[in-house]
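For reference, the structure is listed below as structure tokens.
Just so it is clear, none of the values below were taken in a lab; they were calculated from the coordinates. As the structure is a prediction and not an experimental result, all values here were calculated from the model. No Cβ is skipped: glycine too gets one built from the backbone with ideal geometry, and neighbour counts run over all protein chains shown.
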Protein chains: 2
Amino acid sequence: MKNITIKDIAKELGISISTVSRALQDKPEISLETRKKVRAFADLYHYMPNSLALRLRSQKTMIIGIVIPEIVHHFFSRVISGVEKVANEKDYNVMICLSNESYDKEKLNIKMLTNGSVDGLLVSLSKETLKKNDYEHLKNLSNYNIPLVLFDRVSDEINCDKVIVDDVSGAYRATRHLIEIGCKKIALITTPDHISVGKLRAAGYKKALKESGRAVENDFIVKVDEQFSVEEQIAVLLNNDDKLPDGILAVNEIYAARAMKIAKEKGLTIPEDIAIIGFTDGLISEFSTPSLSTVAQHGFTMGEHAAELLLERINQADSIEKNFETKIISTDLRIRKSTEK
Amino acid sequence: MKNITIKDIAKELGISISTVSRALQDKPEISLETRKKVRAFADLYHYMPNSLALRLRSQKTMIIGIVIPEIVHHFFSRVISGVEKVANEKDYNVMICLSNESYDKEKLNIKMLTNGSVDGLLVSLSKETLKKNDYEHLKNLSNYNIPLVLFDRVSDEINCDKVIVDDVSGAYRATRHLIEIGCKKIALITTPDHISVGKLRAAGYKKALKESGRAVENDFIVKVDEQFSVEEQIAVLLNNDDKLPDGILAVNEIYAARAMKIAKEKGLTIPEDIAIIGFTDGLISEFSTPSLSTVAQHGFTMGEHAAELLLERINQADSIEKNFETKIISTDLRIRKSTEK
DNA sequence: AACTCGAATGCAAACGTTTGCATGTTGAAA
DNA sequence: TTTCAACATGCAAACGTTTGCATTCGAGTT
């Protein structure tokens with residue numbers, strides 16, 4: 001059974017296509033009688049306007065595209081939730097593409113989405129892209145009437161609206177917290193420098209240390225390269241018995257949980273021997289024993305803000321060229337057992 | 001700057017639209033000279049065919065829609081990953097809608113997607129829909145040329161392809177495992193009966209008990225109603241000191257982790273006092289202490305199969321009416337510390 | 001009887017493609 | 001010189017809508 005079109009209705013009722021269209025829009029220039037007749041017929045056959053035709057006509061898709069590195073990831077799925085909420089409120093739909101942390105796939109996705117499939121784009125950069133430092137595929141976009149909002153993993157080289165977590169301050173406050181509960185030797189488990197969030201969180205960590213008159217020791221900083229075993233790299237930090245940290249800040253939940261597990265296996269107690277605090281307030285932190293203190297990033301809020309920024313940009317009159325904006329989502333310290341001395 | 005169209009190229013080069021179209025398709029009936037000229041011009045101005053126009057013309061969107069209850073959920077995000085992989089391999093895109101476990105939103109989403117936005121639909125039913133037992137919004141679909149594949153949360157009332165986890169056998173084997181390690185009093189933490197997976201897992205649990213000659217005791221079965229505190233409902237099971245279970249099967253990771261936490265707080269040791277096994281092999285299970293044994297559901301595989309089934313249905317000649325198929329994804333027992341006596 | 005007005009409806013273009021068929025041009029064979 | 005094939009290109013319809021601008025018709029006004 002084919003979907004019924006406006007044309008079918010017109011033919012069946014012996015009136016013109018335009019009359020049907022107007023009748024369905026309840027325009028007063030069509031006689032009430034005709035309007036009723038058309039509506040009845042349309043309802044009877046479950047007429048639904050073909051959205052492709054509508055989009056082609058109006059040159060609006062009412063869809064926003066999201067390109068993220070990963071979806072099996074608590075933070076990103078929260079962001080999507082936030083985006084979806086805002087988008088749906090304004091009758092927009094969401095189309096999701098995964099880059100799987102690959103530059104090529106990211107580029108492909110963006111190309112795919114910008115050939116008229118979506119009205120705007122929300123992107124969080126893949127690790128490979130950040131490492132390559134190549135953003136040509138995103139720079140062009142502005143020329144093509146496709147607004148772009150970057151979130152979380154962003155780059156200064158791209159001129160557009162952005163939403164980021166206040167990473168520096170989050171890490172700073174987490175480190176301060178460790179200092180306040182009496183930690184003397186605070187280690188950092190982070191990512192390589194090309195990941196912007198890792199770098200920023202490291203900066204906050206260093207700032208807090210310096211401010212309290214402590215040295216930043218390289219032995220206490222692990223930059224995890226995910227090409228190799230995460231576990232082994234973290235273990236190095238905890239196997240150096242001469243120089244064991246008594247506090248750890250990890251830039252994500254997995255690293256924090258991993259560190260905790262290794263520490264416990266070595267017979268250390270948390271938080272007495274080592275206090276641990278992570279980033280990303282997910283389920284792991286809540287359910288681990290002891291429960292993990294974290295810096296909550298409010299992914300949902302971030303998604304909401306990113307979507308709002310994008311929709312504003314999509315619906316702004318072309319004439320008004322608002323300056324690009326960077327929204328900063330502040331973090332919250334979620335203190336749990338792993339730092340309760 | 002507007003996107004350049006085939007029309008613009010034609011005008012600029014002083015040839016007809018159809019010639020440009022054919023030249024871009026490298027059709028031999030167009031002279032090599034013209035083909036080269038057109039291609040060069042198109043490349044210069046970064047011509048990209050407007051996908052809306054293509055879709056309207058071809059009556060194919062190359063998009064598949066997914067409606068799931070939740071995205072902040074390890075299992076569902078894995079499913080999506082699997083779907084995305086298969087879809088992308090065949091040049092399809094994925095459009096995701098969240099029902100947030102609401103019947104109305106599910107209905108709305110499906111309506112939205114089936115007005116020509118997608119070529120096919122992948123749906124996992126919301127809790128509210130299952131409770132209401134109303135599937136009219138899905139039954140119509142078959143009439144409208146929109147193939148439908150249900151996954152995980154399905155219903156017998158809907159006649160279509162399905163992909164489900166082998167819940168009965170998974171729960172059966174998990175329960176057998178508890179019996180084998182010596183548990184005498186095995187409890188079940190599950191969902192209300194209208195959630196199909198909960199019901200099936202309960203069936204597997206009961207089957208294993210009966211087979212080994214044990215009675216199924218209602219005191220040992222908790223049906224968690226998420227309208228109320230999950231924690232309190234689980235606590236009831238563990239607060240009845242006269243009748244404490246020594247083994248627990250939970251139908252998901254959260255319930256298992258929650259039960260473990262409560263048990264530990266009561267001073268019970270896992271697995272010695274109580275062995276615990278959950279469903280869904282996610283991060284919580286891996287990182288909890290002790291690590292949780294689980295029934296792994298292979299969400300990614302499920303997504304792959306669902307997408308394959310759907311694409312087959314989309315691309316089948318209308319004449320060949322294949323019978324509907326139900327694929328069963330088998331589970332794996334992942335034994336960890338929480339059941340190692 | 002001619003004219004104007006308003007209400008109701010229809011025509012056709014537009015959105016950006018693809019494609020069956022027609023048309024035009026050229027060179028060679030008859 | 002006519003005829004024909006082969007090649008290159010163009011016209012127009014189609015996909016399903018919306019909408020500016022006719023057109024038609026009857027009634028009321030002069």
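Table for the structure above
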| read-out | value |
| --- | --- |
| All positions within the stretch A:1-22 that are in a helix (DSSP H, G or I) and either within 14 Å of chain B (Cβ to nearest Cβ) or more than 8 Å from DNA strand C (Cβ to nearest atom) (or both) | A:ILE6, A:LYS7, A:ASP8, A:ILE9, A:LYS11, A:GLU12, A:LEU13 |
| Selection within the stretch B:129-171 - within 14 Å of chain A (Cβ to nearest Cβ) and among the basic types (Lys, Arg) | B:LYS139 |
| The stretch B:96-122 - residue that is touching a residue at least 12 places away in the same chain (Cβ under 8 Å) and within 18 Å of B:SER51 (Cβ to Cβ) and, of those, farthest from the chain's Cα centre (by Cα) | B:GLY116 |
| Neighbours by Cβ (under 7 Å, 6+ apart or cross-chain): first from the stretch A:252-266, within 11 Å of another protein chain (Cβ to nearest Cβ); second among the hydroxyl-bearing types (Ser, Thr, Tyr) | A:GLU253/A:THR280; A:GLU253/A:SER285; A:GLU253/A:THR294; A:ALA257/A:SER288; A:MET260/A:SER288; A:MET260/A:SER338; A:LYS264/B:THR289 |
| Enumeration of residues in the stretch B:53-76 that are more than 9 Å from every other protein chain (Cβ to nearest Cβ), within 16 Å of DNA strand C (Cβ to nearest atom) and outside any helix (DSSP H, G or I) | B:LYS60, B:MET62 |
| For B:HIS177: the one exception among (1) away from every other protein chain (no Cβ under 14 Å); (2) surrounded by fewer than 16 Cβ atoms within 10 Å (Cβ to Cβ); (3) touching a residue at least 12 places away in the same chain (Cβ under 8 Å) | (2) |
| Within the stretch B:171-282, strands (runs of 3 or more DSSP E) holding 1 or more residues that are closer than 20 Å to B:LEU130 by Cα | B:186-190, B:221-223 |
| Restricting the stretch B:23-52 to residues that are in a loop (DSSP other than H, G, I, E, B) and more than 9 Å from DNA strand D (Cβ to nearest atom), the residue that is farthest from A:LEU141 (Cα to Cα) | B:ASP26 |
| Among residues of the stretch B:279-311, those that are facing another protein chain (nearest Cβ under 9 Å), surrounded by fewer than 24 Cβ atoms within 10 Å (Cβ to Cβ) and of a type in the set (Ser, Thr, Tyr), counted | 2 |
| Test: A:ASN93 is over 11 Å from A:ILE68 (Cα atoms), surrounded by 20 or more Cβ atoms within 10 Å (Cβ to Cβ) and without any contact (Cβ under 8 Å) to a residue 60 or more places away in the chain | yes |
